[in-house]
1. Can you give me the distance in nm between label points at residue 356 and residue 217, each placed 7 Å from the Cα along the Cα-to-Cβ direction?
2. Compute the convex hull volume of the Cα atoms of the stretch 286-371, divide it by the residue count, and report the result per residue in Å³ as a whole number.
3. If neighbour count is taken as other Cβ atoms inside 10 Å, put 331, 350, 136, 106 in order from fewest to most.
4. What list do you get for 238, 362 if you sort them by fewest beta carbons within 10 Å?
5. Using a basic spin-label model with each label point 7 Å from the Cα along Cα→Cβ, how many nm lie between residue 271 and residue 243?
6. Run the simple label-point estimate for residue 119 and residue 150 please: 7 Å along Cα→C-beta, distance reported in nm.
C-alpha cells in the first residue's frame with residue numbers, strides 16, 4: 001500500500017511491519033508516521049522497521065526537536081548493522097566450538113545441544129541469538145547476508161530445537177520472524193513417518209524392549225526429544241500440542257533436577273512421542289486445507305446471486321469446521337466415512353443455507369473428498 005498525508009499519519013494496522021520513507025517530513029507528522037509500525041501483532045511481530053530513503057534520520061533530532069544524544073541511542077544506521085553482524089555471528093557460533101555444522105538432521109542438532117547442557121547456557125545463547133536475529137531481519141534481503149546464510153540458518157535451527165515448548169521465557173525465547181522461519185525449514189526433515197508408526201505401535205512391553213536394546217541411551221534420548229520438539233513447534237497454535245509442550249517442559253525440569261532417572265526420562269519421552277504422533281494424525285496439512293477452502297469459496301461464489309444471498313465466507317467456514325469434526329484418517333476409503341461426511345455437508349448446504357442444488361452439493365463433496 002502506498003499512502004501519504006492524512007492516511008499516512010492516521011493509518012492504524014498492527015500487522016504493518018515495515019515503512020519506506022521517500023518524502024521530507026518533520027515534527028508531529030514525522031512522529032505520527034513512524035509510529036504506524038510500533039504496534040505488536042501476534043507472536044511474530046515484536047517491532048517495526050523504518051527504511052529511510054532520503055536521509056530524514058541523518059538529522060532526526062532536529063526534525064523532531066528532540067535531544068540528539070537520546071535519539072542516536074535508538075536510531076541505527078543500516079551500514080552500522082552490517083559492520084556489527086560478523087561479530088554477532090561469531091559470538092553465537094562460539095557456543096559450539098568443534099561442532100561439525102555440515103551434519104544434517106537430529107544428529108547435528110544433538111551435537112549442538114550438548115554444548116548447551118543446562119537452562120542457563122541455553123538462555124545465554126538465546127539472548128545473544130536474539131540480537132543476531134534482529135540484525136538479520138533488519139538487513140534481509142540484502143545480498144550482503146549471502147555469505148552468512150548457512151551459518152545463520154544452522155544457528156536458527158539450533159535455537160528452535162532448544163527453545164522451551166510451553167512459551168516460557170518470552171522475553172528471550174521470542175518467536176522467529178517470517179524471514180528466519182523460512183530459512184529454518186528449508187530442506188529440513190527431523191521426524192520421519194516410519195518412526196512415528198513404530199512409536200504408535202509400542203505398548204509398555206515394547207517400550208521396555210526398546211530401552212534394553214539401546215547401546216547409547218543418551219543418543220537415543222536426544223533423538224526422541226529433538227523429534228518431539230520439532231513436532232510440537234510445527235503445530236505451536238494447536239491446543240493439543242500446546243499441552244504436550246507443557247508436559248515436555250515439566251518432564252525436562254524433573255530430569256534436570258534429578259527427580260527421575262535417565263531411563264525413566266526416555267520412557268516418558270516415548271509416551272509423549274506417542275501422544276504427539278496420534279495428535280499429528282488428526283491434523284490436516286495446512287496447504288491441503290487452504291486448497292479445499294479455496295475450491296469451496298470459488299464454488300459458492302458462483303452460486304451467489306440476488307435470489308441466493310449466500311455469505312460465502314460463512315458457509316465455507318461452516319463446511320470446513322464440521323468436516324474436520326466428523327472426518328477421520330482414511331475416511332474416503334470407507335462407506336461409513338463417506339456417509340458421515342455427506343450427512344455433515346447436507347446439514348450445512350441443504351438444511352442451514354437452503355441451497356438444494358444437487359450439482360453444487362456433488363461438487364462440494366468432491367472437493368472435500370480430495371482435500372480433506
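1. The modelled label-to-label distance comes out at 6.9 nm.
2. 83
3. Least to most surrounded, the residues fall as 350, 331, 106, 136.
4. Numbers: 238 16, 362 11.
Sorted ascending by nearby Cβ count, the order is 362, 238.
5. Those two pseudo-labels are separated by 1.5 nm.
6. 3.6
Since every read-out is calculated from the coordinates, none of them should be taken as a lab result. These numbers were taken from a predicted model, which means no experiment stands behind them. In this analysis, Cβ positions are derived from the backbone assuming ideal geometry, glycine residues included, and neighbour counts consider all displayed protein chains.
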